[in-house]
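Please treat every number below as a calculation from the coordinates, not as lab data. These figures come from a predicted structure and were not determined experimentally. Positions of Cβ are generated from backbone atoms using ideal geometry, with glycine treated the same way; all protein chains shown enter the neighbour counts.
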Amino acid sequence: MIFWHMGGTIAIFRYVFRDPKVDLRFLALGAILPDLIDKPLGTMLFPTVFIGNSQVIGHTLLFSMVLMSVVLLTTRRGRVRRRWMAMAIGSLIHLLLDAMWTVQETFLWPAFGWGFPPGIPDYWSGLLERLVANPWLVVQEMVGLGYLVHLYRKARLNDPERRSQLLRTGRVVF
C-alpha cells in the first residue's frame, strides 16, 4: 500500500507539525520503510521463520524507536538531523496508518516473546484475491493517491522548475 502510506504520512505530518522545511523525500521513504524491510524479510527471505508474515521487525515500535535514537545520537542540530528525523517520524506514522497497536505481539515485540504471529503462507500469490475480498484496502490507496494528487496540484508541480526543486531539496513551495 504505497499511496496510502506516502499520502497519509505526508498529510498527517503536514497537519500535525506544519513544518514547511521538511524534506518530503525522507518523509516518504520513512512512510514505506517498514514495508520495504518486512515484505521481503517475512515473505521471501525467511518465509518459514516468519510463516509468511509481512509485518515483522519493521512494524515494531522498537524498530522506530531505535531508528529515532540512532538519528538523535549520530546527528547534530540542523538540516541533516531534520532530514533523517523526517524518515524516523515517517516510520512511526506508518505504524499508525497500519493500526499496529491492534497486533500487540508485533507492535510491542519482544515484550510478548521473540516470535511473531503467523501470516499468510502464500502472501504474494493471494494478493489480488485479498484486495478483492477487502475493498477497504483499495479505498485507502485511493485516499492516499487523492492527497498526493491534491499536493501535486496545490504545489503546482506540473512546472518542471518546481518539480526539479522538489527533487533537489525535498521541499514544496506554495
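Could you state, as a whole-number percent, how many of the C-alpha pairs of the stretch 2-169 are farther apart than 20 Å? The partial results should precede the final answer.
On the way: 7998 of 14028 pairs.
The answer is 57 percent, as a whole percent.
Most fluctuating residue of D35, D23, D159 in a GNM of the chain with Cα springs under 10 Å: which is it? The residue with the greatest mean-square fluctuation here is D159. The loop-placed trypsin sites (Lys or Arg not before Pro) in the stretch 5-98, going by DSSP, that have at most 16 neighbouring Cβ atoms within 10 Å of their Cβ come out as R18, K21, R76, R77. Highest GNM mean-square fluctuation among G115, G144, G42, for the chain modelled with Cα contacts below 10 Å: G115.
For the chain, modelled as a GNM with alpha-carbon contacts under 10 angstrom, which of W84, W101, W114 fluctuates the most? Checking each option, the largest mean-square fluctuation is seen for W114.
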